[in-house]
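The structure under discussion appears below in the form of structure tokens.
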Amino acid sequence: MRGGALEIRVGDRLREFELELDARVEPGECTALVGPSGAGKTTVLRLVAGLRDPPRGRIAVGERVLCDTDAGICLEPEERRCGFLFQDHALFGHLSAWRNVAFGIGAPRSERRGRALALLGRFGIEGLADARPAELSGGERQRVALARALATAPDVLLLDEPLSALDARTRAHATRELAAALRDAAVPSLLVTHDFEEAAVLAAEICVMDRGRVVQRGSAAELSASPASGFVADFAGAAVLAGEAHPEPGGSTRVALEGGGEVHSSDSERGPVAVSVYPWEVALEPADEPAHGSARNRLGAEVVSVTQVGTRVRVGLATPQPLAAEVTAESVAGLGLRPGVRVRAVWKATATRLAPAAGPAQPAPGSSPSPGGAER
Amino acid sequence: MRKPSPFARRATPVLPASLAIAALAVGCGGDDEGEEPLVVSAASSLETAFTEYADEAGIDAKQSFAGSDELAAQIRQGVTPDVYAAADASLPYELHAEGLVSEPVIFAANTLAIGVPEDSEIRSIGDLAEPGVKIAIGAPSVPVGSYTREVIGRLPGPEAEAILDNVRTQEPEVAGIVGKLTQRAVDAGFVYATDVVAAEDAGLRAIRLPASLQPGVAYGAAVVDGAENPEGAREFIEGLLEGDGAEALKRAGFLPPP
Amino acid sequence: MSARRLLFGGLLVGCLALALLFLCLPILAMFVDVPPGDLVSSLGEPDALDALWLSLRTSLAALAIIIVVGTPAAYFLGTRSFRGHSLVTTLIELPLVLPPAVAGIALLAALGPKGLLGGTLEDAGIALVLQTAGVVVALTFVAAPFYMRQAQEAFAAVDRAQLEAARTLGSSEATAFARVAIPAAGQGLTAGLALAWGRALGEFGATLMFAGSFPGITETVPLAIFSRFALDFTSALALSAVLVVVSAALLLSVKLLGRSPLLGGPG
């Protein structure tokens, strides 16, 4: 039978450390593997895809066992029905875009072309069906690669830094498109990324890996608010808040946050958004003092955690959504910061960035205009 | 796909050095008068005899051995050795008629023979007509090849045809026939009697041809017009008729000129 | 500064001109020496046609063997690493540096009647020496390394991720080799093929030593040219010119094929 949750329990000996991972991803959900280079993230994808054999472990999608070292089962990559998005897209240079997409479709020629064109059309690039990869832009290539991986209707999607080859402008749009595609595919997906924001937008759960092990897992907000270690705090650079964006005259945006409160951003966005702000942009002031200064965003918050990160201190806040501020040790002493204390978090609209949310209800792409535009 | 060659970094000193080596290598071709070695172009079959001759007589000679016809063609193309010695006297005569060499001198005779491996069951030329016997002969352009065709042509028609049908290779040089024989690629080959003498160590023996079939194998030599050292060339040819050269030819199995 | 640059530029151009002159003059001279009429009429001689036809047949047969066996072998060498990899690569390239005469001797020593495998071949009823099949063996031996070396390099340059992508899209290893590796390495493969073909068409020494020379059976064009060299220089020249024209046409068409989008050339 097809489909089902992706279950991974593997151990592998890498060059400098042991890789251990135990994870479960439900259909339609995305788990991000984040962490520094060489943490073993890509190895996990390769193990699932069958491009690398695990010394021990079991990988299954629903009832279908892809690999079980105890039972002596190990399917070839071509038998695993895992769609793989490679870091540099790995498009076949000798084939046109539509032939790339049709590569894995086992059907008569006429049908293959039709299906490939439909997939390209879904990403708005059916006009480029006959172009070679070398003639495409980074964003177009990424879409062809995505269409190619989806063309075989895989049971699992594996994404190895799918957006890292794109420039910042294209990236915002591509992230949104990818989020929609993952939702539509309704299969479990695993995303490897270096980018916390990307993980925050695409994945419900984030596993932070370091030297082969998961050092923390949770939602983006949880990681950012209560980093389990300095490493995680550092990595989860930005705090992420969910809300609904409403454009305002003059180009700025007002975001009504889930759970109450509102913030302003100089970015343009509409609908459900992820609001991100770096902790070092957030200042704290006593909740009982009158507001001063020019910063537009002020949220009442309660301190949930205080973590020393190097010479600075990360303060986890509940607004009620989790937020983080990074302050000096003097401020901690001056404000008497400890869990339970109420403060006011203050930051500028220009330090507030908006990204389309991974969450529910998003207009399907395909009809979407060319990448770039007004994001960020 | 293209990697920068590590050679490139060192190319600068390499370039002049390689030019210097090239210059050194061809330096021996320079023109220091009087010390020039005698340049001899001779038929392959003369190699043993001529090499010994030059050694014993203390002649500083640069000898090259190849098919007589090929050497003649080179002379026609303007190559000028000092001495040309061919396995077929008609070749130097032709060149003489064309004004390329001096009056030729016949300096030795040879006989044609059938070379076979020592343990061969072939006893006579008639055995060569048996089906399945593999034979090597010279190409029509080399003297050994034309002599062979002459010999076979003197046989009765059906026998001659059967032998020619058994020919598997037409070698451009006698050396090729001997090589095919020693490697057992063929069962028999038409060569000069002297070649079999030279290849005895390699396990070949000669089957003599009846005198009635023998062609007149006459070796002719001439001084090439435009030779750098015509005097030395004349002395070299005289030595072939009498003295060290004649001795060396005799040892190699050549007959005196008819 | 700019004077030095000018000087160096001049040096480069001068050397190129010298190389071009030296390499092309003999070929040019050949065509100057042969009136076009002779060229055509020399082709009319049955022996010349036999030799040309034989050269084509044997070189194509050798190429077929080289492609069928050499391509997968080169793929293995280009995409796998194992102990002794560079030793194996060197061994495969060895025939490149063998003088043709050595190649001939080596083939006789291995496959000749007195050779290492001579008895085995004879028992199997396989005759190579002095046979057309022997010519194919000689051509394959000298030409294969030219192809394999290029092919190995071309395969090594193929993006591994593309091969893996093919696997995740449902291709077996063999299918990925056929559908991705070969087209992606297409240009390198055709370039190697052109080199190998050129080498095979020009083969002389190994053929003569191993296969002998007999019109219609083993006398390829280079051997025919050599045997005419003495008898009739003009005819040898004409045949040489024909070989040059035919080789050039073959090589050109192979190169054009390599450029075609079909084989993954630059569109």
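The values are calculated or read from the model by the stated rules, or taken from the named source; none is laboratory data. Note that the coordinates shown come from a computational prediction; the quantities given were computed from them, not determined experimentally. Here the Cβ positions follow ideal geometry from the backbone for every residue, glycine too, while neighbour counts run over all protein chains shown. Ligands, DNA and RNA are stripped out before the accessible areas are found, and what is left, the full protein with its side chains, is counted by its heavy atoms. Shrake-Rupley method; radii C 1.70, N 1.55, O 1.52, S 1.80 Å.
If you go through segment C:158-168 one residue at a time, how many are open to solvent by less than 20 Å² (accessible area, probe 1.4 Å) and assigned to a loop (DSSP other than H, G, I, E, B)?
Counting residues in segment C:158-168 that are open to solvent by less than 20 Å² (accessible area, probe 1.4 Å) and assigned to a loop (DSSP other than H, G, I, E, B) gives 1.
I want to confirm something. Restricting to segment B:166-187 and keeping residues that are over 14 Å from residue C:210 (Cα atoms) and touching a Ser or Thr at 6+ places or on another chain (Cβ under 7 Å), which single residue is modelled with the highest pLDDT?
B:187
Counting only residues that are within 30 Å of residue A:89 (Cα to Cα), give me the strands (runs of 3 or more DSSP E) lying completely in segment A:157-268 with at least 3 of them.
The strands (runs of 3 or more DSSP E) meeting that bar are A:189-193, A:205-210, A:213-218.
Answer yes or no: is there a residue in segment B:156-164 that is at the interface with chain C (Cβ under 10 Å from one of its Cβ atoms) and open to solvent by less than 10 Å² (accessible area, probe 1.4 Å).
No, the conditions are met nowhere in segment B:156-164.
When segment A:298-347 is examined, which residues are found to be of a type in the set (S, T, N, Q) and either in a strand (DSSP E or B) or in contact with a Cys (Cβ under 9 Å, 6 or more places away or on another chain) (or both)?
A:305, A:307, A:308, A:328
What number of residues within segment C:116-157 are within 13 Å of another protein chain (Cβ to nearest Cβ), part of a loop (DSSP other than H, G, I, E, B) and open to solvent by 10 Å² or more (accessible area, probe 1.4 Å)?
6
Give the residues of segment A:86-129 that are at the interface with another protein chain (Cβ under 9 Å from one of its Cβ atoms) and closer than 22 Å to residue A:176 by Cα, sorted by residue number.
Hits for segment A:86-129 are A:86, A:87, A:88, A:89, A:90, A:91.
Give B:118, B:52, B:70, B:98 a once-over and let me know the one that is within 14 Å of chain C (Cβ to nearest Cβ), in contact with a helix residue (DSSP H, G or I) (Cβ under 6 Å, 6 or more places away or on another chain) and either surrounded by fewer than 19 Cβ atoms within 10 Å (Cβ to Cβ) or under 19 Å from residue B:173 (Cβ atoms) (or both).
Details: B:118 fails: in contact with a helix residue (DSSP H, G or I) (Cβ under 6 Å, 6 or more places away or on another chain); B:52 fails: within 14 Å of chain C (Cβ to nearest Cβ); B:98 fails: in contact with a helix residue (DSSP H, G or I) (Cβ under 6 Å, 6 or more places away or on another chain).
Unique residue meeting the criteria: B:70.
When you check residue B:194 against the structure, is it hydroxyl-bearing (Ser, Thr, Tyr), under 21 Å from residue B:40 (Cα atoms) and not assigned by TED's automatic domain parsing to the domain that holds residue B:59, yes or no?
yes
Considering only segment A:298-316, I want to know if a residue exists there that is surrounded by fewer than 15 Cβ atoms within 10 Å (Cβ to Cβ) and of a type in the set (Ser, Thr, Tyr).
Yes, segment A:298-316 contains a residue that is surrounded by fewer than 15 Cβ atoms within 10 Å (Cβ to Cβ) and of a type in the set (Ser, Thr, Tyr).
I'd like the full set of residues that are touching a strand residue (DSSP E or B) at 6+ places or on another chain (Cβ under 7 Å) and within 9 Å of chain C (Cβ to nearest Cβ), limited to segment A:66-80.
A:80
Within the bounds of segment B:187-210, is there any residue that is open to solvent by 50 Å² or more (accessible area, probe 1.4 Å), touching a Leu at 6+ places or on another chain (Cβ under 9 Å) and over 22 Å from residue B:88 (Cα atoms)?
Yes, because at least one residue in segment B:187-210 is open to solvent by 50 Å² or more (accessible area, probe 1.4 Å), touching a Leu at 6+ places or on another chain (Cβ under 9 Å) and over 22 Å from residue B:88 (Cα atoms).
Test residue A:65 against the criterion of being among the aliphatic types (A, V, I, L, M) and open to solvent by 10 Å² or more (accessible area, probe 1.4 Å), and give yes or no.
Here the answer is yes, as residue A:65 does meet what is asked.
Are there any pairs, at least 6 apart or on different chains, whose C-beta atoms fall under 6 Å, with the first in segment B:50-75 and in contact (Cβ under 8 Å) with a residue 60 or more places away in the chain and of a type in the set (Asp, Glu) and the second surrounded by 18 or more Cβ atoms within 10 Å (Cβ to Cβ) and in a helix (DSSP H, G or I), and if so, which?
Short answer, once both residue conditions are applied: B:52/B:248; B:69/C:230; B:70/C:230.
Among the residues that make up segment B:124-135, is at least one of them more than 22 Å from residue B:203 (Cα to Cα), more than 7 Å from chain C (Cβ to nearest Cβ), among the small types (Gly, Ala, Ser) and crowded, with 18+ Cβ neighbours inside 10 Å?
Yes, segment B:124-135 contains at least one residue that is more than 22 Å from residue B:203 (Cα to Cα), more than 7 Å from chain C (Cβ to nearest Cβ), among the small types (Gly, Ala, Ser) and crowded, with 18+ Cβ neighbours inside 10 Å.
How many residues, within segment C:169-215, are open to solvent by 30 Å² or more (accessible area, probe 1.4 Å), within 14 Å of chain B (Cβ to nearest Cβ) and either assigned to a helix (DSSP H, G or I) or touching a strand residue (DSSP E or B) at 6+ places or on another chain (Cβ under 6 Å) (or both)?
Number of matching residues: 5.
Specify the residue that is farthest from residue B:46 (Cα to Cα); the eligible residues are those in segment B:73-88 that are among the small types (Gly, Ala, Ser) and open to solvent by less than 30 Å² (accessible area, probe 1.4 Å). It would help to see each step written out before you state the result.
Within segment B:73-88, the first condition is being among the small types (Gly, Ala, Ser), and the residues that meet it are B:73, B:78, B:85-87.
Those left that are additionally open to solvent by less than 30 Å² (accessible area, probe 1.4 Å): B:73, B:85-87.
On the way: B:73: 18, B:85: 8, B:86: 9, B:87: 8 Å.
Within segment B:73-88, the match that is farthest from residue B:46 (Cα to Cα) is B:73.
Among (1) in contact with a helix residue (DSSP H, G or I) (Cβ under 7 Å, 6 or more places away or on another chain); (2) open to solvent by 10 Å² or more (accessible area, probe 1.4 Å); (3) more than 15 Å from residue B:222 (Cα to Cα), which single condition is residue B:113 missing?
(2)
Given the condition part of a strand (DSSP E or B), touching a Pro at 6+ places or on another chain (Cβ under 7 Å) and under 25 Å from residue A:219 (Cβ atoms), answer yes or no: does some residue in segment A:85-92 qualify?
Yes - at least one qualifying residue is present in segment A:85-92.
Between residues in segment A:32-50 that are within 14 Å of chain C (Cβ to nearest Cβ) and residues that are surrounded by fewer than 23 Cβ atoms within 10 Å (Cβ to Cβ) and of a type in the set (Val, Ile, Thr), which pairs lie under 6 Å by C-beta distance while being six or more apart or on different chains?
A:47/A:10
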